[in-house]
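First up is the structure itself, then whatever we jot down about it.
The values are calculated or read from the model by the stated rules, or taken from the named source; none is laboratory data. Because the structure is predicted, anything quoted here is derived from the model rather than measured. No Cβ is skipped: glycine too gets one built from the backbone with ideal geometry, and neighbour counts run over all protein chains shown. Accessible surface is based on the protein model in full, side chains and every heavy atom, while ligands, DNA and RNA are left aside. Shrake-Rupley method; radii C 1.70, N 1.55, O 1.52, S 1.80 Å.
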Amino acid sequence: MTCAIPEKSHDDGAPVLPPVQSHRIHPGATTLAELTTIGVGGAFNELVEAHSEAELVEAIRENDAQGVPVLVLGGGSNILADDASFDGVVVRDMRSGVRPKDASYCGGASFTVEGGTPWDEFVVHAIENQWIGVEALSGIPGTVGAAPVQNIGAYGQEVASVIASVRVYDRKRQETYTLFAADLKFGYRSSLLKETIGEWGASPRYIVLEVEFQTGISSLSEPIRYAQLAAVLGVELGERVPTRRVREAVIEVRKSKGMVLDDADRDTFSLGSFFTNPILTTAQAEGLPADAPRYEVRDAQKATFNSGAPVVEGIVKTSAAWLIDHAGFHRGYGDGPATLSTKHTLALTNRGEARSGDIRALAREIQNGVKERFGVWLVPEPVVLGEALA
């Protein structure tokens, strides 16, 4: 039996929301403060903008060979730079594009996306083509190349569930080749790629050139798995709705938390969620207050686009935001140039004159406070350049 390519139409013909701002880049930038969404960081030696794969690989290879530190930068939304100068080269992947490979009801959609493509532009493209599995990841800043590094996730979806493979440049072997999903060691906000940051300086050993996705095809979303999103949509958990509606609801929720970039809103001068949600054994979780959130942990390595990821037994995830708030660090906490967001306790923000040292000091204060109150150590989600946060 031959599988047909489905028609691309929505239930009411309403347009998909256009991409939201996903970068905060200043033309002619000379400091990392001008290339990151939180707006802190010192000067750097050189900026290289690569418009082809050959240019990207060559810039990295040449500087590696000369012992020059390299920072491959996407949207700058997950980098806490140092106040000191970065004595190296910043490389930006300027390539963008989506190449469909196959699409049918039987096998789903298969397509490849250039690493420099702004993530939210890709999400809009996917929704317009009825490629499901990324609609709840709407509004996330950054690029497609950065998505698999930390296995981005939000509102019940993780990108690992729709990634088939990643084509990389391996800085150690100085070769380009493909890593398949099984090779990538996906976990909660982690991957093989992320594990090599530090070993190879500010950027991983493996530089993402392009990502191949495998998704289902439908005008309806994946089943809604996140309670807050279900409430905004007015549906029960497990229901499916038009992907356009999911995007609208996610953007609404993200804006309410200051998680959509807006140059007029200082709450958005952040790195998004600064700490990952702690993963605890069930025994450790018993030491938390009874009303502390406890969520299932799913095995991202076994995720598929049509069945999601299975639950991992014996461990639970709790809420970093809940721990921070109940340790006494409420929205807007802080009286200096760096404070918690007035909209969300998980975002550390630059109120206008903050330096990296101010952000780090606030982060350490929160880490110590949560550890003292609950015995849980919060782990930063961003890549931290210079002096590490514990």
*Sort out which residues of the stretch 112-166 are of a type in the set (Asp, Glu) and either modelled with pLDDT under 95 or open to solvent by 20 Å² or more (accessible area, probe 1.4 Å) (or both), and write them in order of number.*
114, 121, 128, 158
*Can you tell me which of 334, 375 is assigned by the TED database to the domain that holds residue 287 and surrounded by fewer than 15 Cβ atoms within 10 Å (Cβ to Cβ)?*
375
*asked:* Can you report the number of residues in the stretch 352-361 which are open to solvent by less than 50 Å² (accessible area, probe 1.4 Å) and part of a helix (DSSP H, G or I)?
replied: 4
*Check residue 176 against each of (1) β-branched (Val, Ile, Thr); (2) outside any helix (DSSP H, G or I); (3) under 18 Å from the mean Cα position of the chain (by Cα) and name the one condition it does not meet.*
(3)
*Quick one: residue 232 ticks every box in (1) at pLDDT 95 or above; (2) open to solvent by 40 Å² or more (accessible area, probe 1.4 Å); (3) of a type in the set (A, V, I, L, M); (4) within 30 Å of residue 54 (Cβ to Cβ) except a single one, so which number is it?*
(4)
*asked:* Of everything in the stretch 200-241, what is farther than 17 Å from residue 133 by Cβ, over 21 Å from the mean Cα position of the chain (by Cα) and among the charged types (D, E, K, R)? Give them in sequence order.
replied: 236
*Where residues in the stretch 261-279 are outside any loop (DSSP other than H, G, I, E, B) and either of a type in the set (A, V, I, L, M, F, W, C) or at pLDDT below 95 (or both), which of them is least open to solvent (accessible area, probe 1.4 Å)?*
275
*Could you say which residue among 298, 355 is charged (D, E, K, R) and more than 22 Å from the chain's Cα centre (by Cα)?*
355
*If you go through the stretch 202-214 one residue at a time, do you hit one that is in contact with an Asp or Glu (Cβ under 9 Å, 6 or more places away or on another chain), in a helix (DSSP H, G or I) and closer than 18 Å to residue 144 by Cα?*
no
*Which members of the stretch 69-100 meet the condition of being over 20 Å from residue 197 (Cβ atoms), touching a residue at least 24 places away in the same chain (Cβ under 8 Å) and in a strand (DSSP E or B)?*
98, 100
*Within the stretch 43-68, work out how many residues are open to solvent by 60 Å² or more (accessible area, probe 1.4 Å) and either in a loop (DSSP other than H, G, I, E, B) or acidic (Asp, Glu) (or both).*
8
*Within the stretch 209-229, restricting attention to residues that are in contact with a Phe, Trp or Tyr (Cβ under 6 Å, 6 or more places away or on another chain) and hydroxyl-bearing (Ser, Thr, Tyr), which residue is least open to solvent (accessible area, probe 1.4 Å)?*
215
_Here is a list: 318, 349. Which entry is surrounded by 15 or more Cβ atoms within 10 Å (Cβ to Cβ), touching a residue at least 60 places away in the same chain (Cβ under 8 Å), not assigned by the TED database to the domain that holds residue 131 and not aromatic (Phe, Trp, Tyr)?_
349
*asked:* If residue 28 meets every condition in (1) surrounded by 18 or more Cβ atoms within 10 Å (Cβ to Cβ); (2) closer than 29 Å to residue 259 by Cβ apart from one, which number is that one?
replied: (1)
*Take the stretch 79-106 and flag every residue that is at pLDDT below 95, open to solvent by less than 40 Å² (accessible area, probe 1.4 Å) and closer than 22 Å to residue 144 by Cβ.*
103
*Those residues that are farther than 17 Å from residue 78 by Cα, aliphatic (A, V, I, L, M) and buried (at least 21 other Cβ atoms within 10 Å of the Cβ), I need them from the stretch 176-208; list them, please.*
181, 184
*asked:* Can you tell me which of (1) open to solvent by 60 Å² or more (accessible area, probe 1.4 Å); (2) outside any helix (DSSP H, G or I); (3) under 29 Å from residue 82 (Cβ atoms) is the one residue 364 doesn't meet?
replied: (2)
